[in-house]
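These notes concern the structure reproduced below.
The values are calculated or read from the model by the stated rules, or taken from the named source; none is laboratory data. All of these numbers come straight from a predicted model, not from anything done at the bench. Note that each Cβ is placed from the backbone with ideal geometry, even for glycine, and that neighbours are counted across all protein chains shown.
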Amino acid sequence: MRGVSLNILLAIVWTLFVGEFSLRELVIGMLLGFAILSIFPLSLGTGNYVGRALALVRFVLFFARELTVANIQVALWALRPRPPLHPMIIAYPLRLRGDNGQTVLAATITLMPGSVAMGFNPERSVLYAHVIGLESPGAARASLKKVEDALLPLYGQGVAPAPAALEENA
């Protein structure tokens, strides 16, 4: 929490320096504060905060792109007389650990058209999902892996190699 509090403190100092307390000046102060924290992460002890904040920005951009592509794809399917839906239910072995990260993963894939998270196994090591529009279970797992890869740095879990069960075509 040290990075967030330092960033807020730097934003407040900026607004006091400028002499105008407004949302615009607070945002500018937050951006300048983040730049300072990014330049001196070791001396200020904010490396973890900077890394996760950048991971959050990357994930938001990734999600916006994937959501746009998925919506266009579903709209094009709606215009076809016989769309290639290929509905299937898959079991996806999770690398993401922790309830928060797994919940965000399930919510993210459910928000994207063409996929719905159905639940977890009792050990929370496998996610069950219903997907459409992909040719094979392997392609569906690869699609979920892309989302999980984008989330792993956000939760401080580097991108690890995929479990062997991902390679199976079941």
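Would you mind finding the one in Ala75, Ala107 that is over 23 Å from Leu54 (Cα atoms) and either hydrophobic (A, V, I, L, M, F, W, C) or within 16 Å of the chain's Cα centre (by Cα) (or both)?
Selected residue: Ala75, the only one of Ala75, Ala107 that is over 23 Å from Leu54 (Cα atoms) and either hydrophobic (A, V, I, L, M, F, W, C) or within 16 Å of the chain's Cα centre (by Cα) (or both).
Here is a check on your reading of the model: is Leu9 farther than 29 Å from Thr110 by Cβ, without any contact (Cβ under 8 Å) to a residue 60 or more places away in the chain and either surrounded by fewer than 16 Cβ atoms within 10 Å (Cβ to Cβ) or not assigned by TED's automatic domain parsing to the domain that holds Val116 (or both)? Step through it out loud before you land on a result.
Details: farther than 29 Å from Thr110 by Cβ: yes; without any contact (Cβ under 8 Å) to a residue 60 or more places away in the chain: yes; either surrounded by fewer than 16 Cβ atoms within 10 Å (Cβ to Cβ) or not assigned by TED's automatic domain parsing to the domain that holds Val116 (or both): yes.
Yes: the conditions hold for Leu9.
One line per residue, one yes/no per condition, for (1) closer than 18 Å to Lys146 by Cα; (2) modelled with pLDDT of 90 or more:
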residue	(1), (2)
Met88	no, yes
Ala91	yes, yes
Leu94	yes, yes
Thr103	yes, yes
Leu111	yes, no
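What is the residue count in the range 31-49 for residues that are touching a residue at least 12 places away in the same chain (Cβ under 8 Å), under 20 Å from Leu154 (Cα atoms) and in a helix (DSSP H, G or I)?
Total meeting the criteria: 5.
Among the listed residues Gly51, Gly101, Gly45, identify the single one that is closer than 25 Å to Gly138 by Cα and either surrounded by 13 or more Cβ atoms within 10 Å (Cβ to Cβ) or in contact with a helix residue (DSSP H, G or I) (Cβ under 9 Å, 6 or more places away or on another chain) (or both).
On the way: Gly51 fails: closer than 25 Å to Gly138 by Cα; Gly45 fails: closer than 25 Å to Gly138 by Cα.
It is Gly101.
From the residues in the range 4-28 that are out of contact with any Leu (no Cβ under 6 Å at 6 or more places or on another chain) and among the small types (Gly, Ala, Ser), which one is nearest to Leu154 (Cα to Cα)?
So, considering only residues that are out of contact with any Leu (no Cβ under 6 Å at 6 or more places or on another chain) and among the small types (Gly, Ala, Ser), the one nearest to Leu154 (Cα to Cα) is Ser5.
Under 7 Å between Cβ atoms, at least 6 apart or on separate chains: pull out the pairs that start in the range 94-116 with a residue that is of a type in the set (Ser, Thr, Tyr) and end on any residue that is surrounded by 19 or more Cβ atoms within 10 Å (Cβ to Cβ).
If the second residue must be surrounded by 19 or more Cβ atoms within 10 Å (Cβ to Cβ), the pairs left are Thr108/Val147; Thr110/Ala117; Ser115/Ile109; Ser115/Ala129; Ser115/Val131.
Restricting to the range 77-98, and then to whatever is under 21 Å from Glu135 (Cα atoms) and among the small types (Gly, Ala, Ser), can you tell me which residue is surrounded by the fewest Cβ atoms within 10 Å (Cβ to Cβ)?
Residue satisfying both the conditions and the ranking: Ala78.
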